[in-house]
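First the structure, in the form of structure tokens, and then the observations on it.
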């Protein structure tokens, strides 16, 4: 074969290779775009994003094949949310997924009254002003409510069962999420009174605040710690679990993601299942369903998860009846 022919073949192959990425990019740009607005960062949300994609897949959509995704993360800076939502609109997104708290959804809602928005929140979406009603959301917003704040009384009861001598409970909330904090404390006061518990509230919206809280707990050591729900606290779960174990404070958490990294106990909705359902709703909207026709879905799958290994480290013996009721016991 002559050098001239070889050179011609090489140029042909090179041109073909260059065309593939261009074709892929053209195909990608032709796909409907889903905008994702997040409060924190991708790293602590790997599992929840996987659950979101699973829900989309169940609805017949695969990222990169039937839709493209534009991600915007506020890195914990709530003041950035409106600008990031505006950025998503400039990408002509078909739907916005806002799944890390009411602040994220409110920022998305303030940016558009027409583009569909799917949320996953732990507080009542009606009281947050996100929808007109659960059955008939109206407007361009709908989603999943995994009812965490409403489980406060049940979580206190289970904590008391695990630590029967407890009377002084420290409660950690995030002041940057006032609606969720208000609901948690409103539910907690009567429940604590019935159980004869004294409550001391701590606030944290920075990592340093969590360190300070545990330092301040030393002089008046509580019998147990109650961690409220919230996107920020969830992202700091490793720090919280480490400090609770180091200070030997029995702690109850709102979701199993804490227990999976060594936390003592959690009771709450299955967050991954809620995100999966959010993905299903997003997929249905991509197929043409209007948000107003999708009632807000209430999580019905709750789970009690106990880390028995952590209990032994803390010197606790989990009552057999409580172990029997647990959906999962980590040994």
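All of the numbers you see were taken from the coordinates with simple rules; none came from a lab. Source: prediction; values computed, not measured. We place every Cβ from the backbone using ideal geometry, glycine too, and count neighbours over all the protein chains shown.
Among the residues of segment 216-232, is there at least one that is assigned to a helix (DSSP H, G or I) and more than 30 Å from residue 273 (Cβ to Cβ)? So far as segment 216-232 goes, yes, one or more of its residues are assigned to a helix (DSSP H, G or I) and more than 30 Å from residue 273 (Cβ to Cβ). Looking only at segment 53-80, residues that are assigned to a helix (DSSP H, G or I) and either touching a strand residue (DSSP E or B) at 6+ places or on another chain (Cβ under 7 Å) or under 15 Å from residue 33 (Cβ atoms) (or both) come to 2 in all. Out of the residues in segment 86-104 that are over 17 Å from residue 235 (Cβ atoms) and within 18 Å of the chain's Cα centre (by Cα), state the one that is surrounded by the fewest Cβ atoms within 10 Å (Cβ to Cβ). It comes out as 96. Filtered by the rule that a residue be part of a loop (DSSP other than H, G, I, E, B), over 22 Å from residue 93 (Cβ atoms) and in contact (Cβ under 8 Å) with a residue 40 or more places away in the chain, segment 271-304 gives 295, 299.
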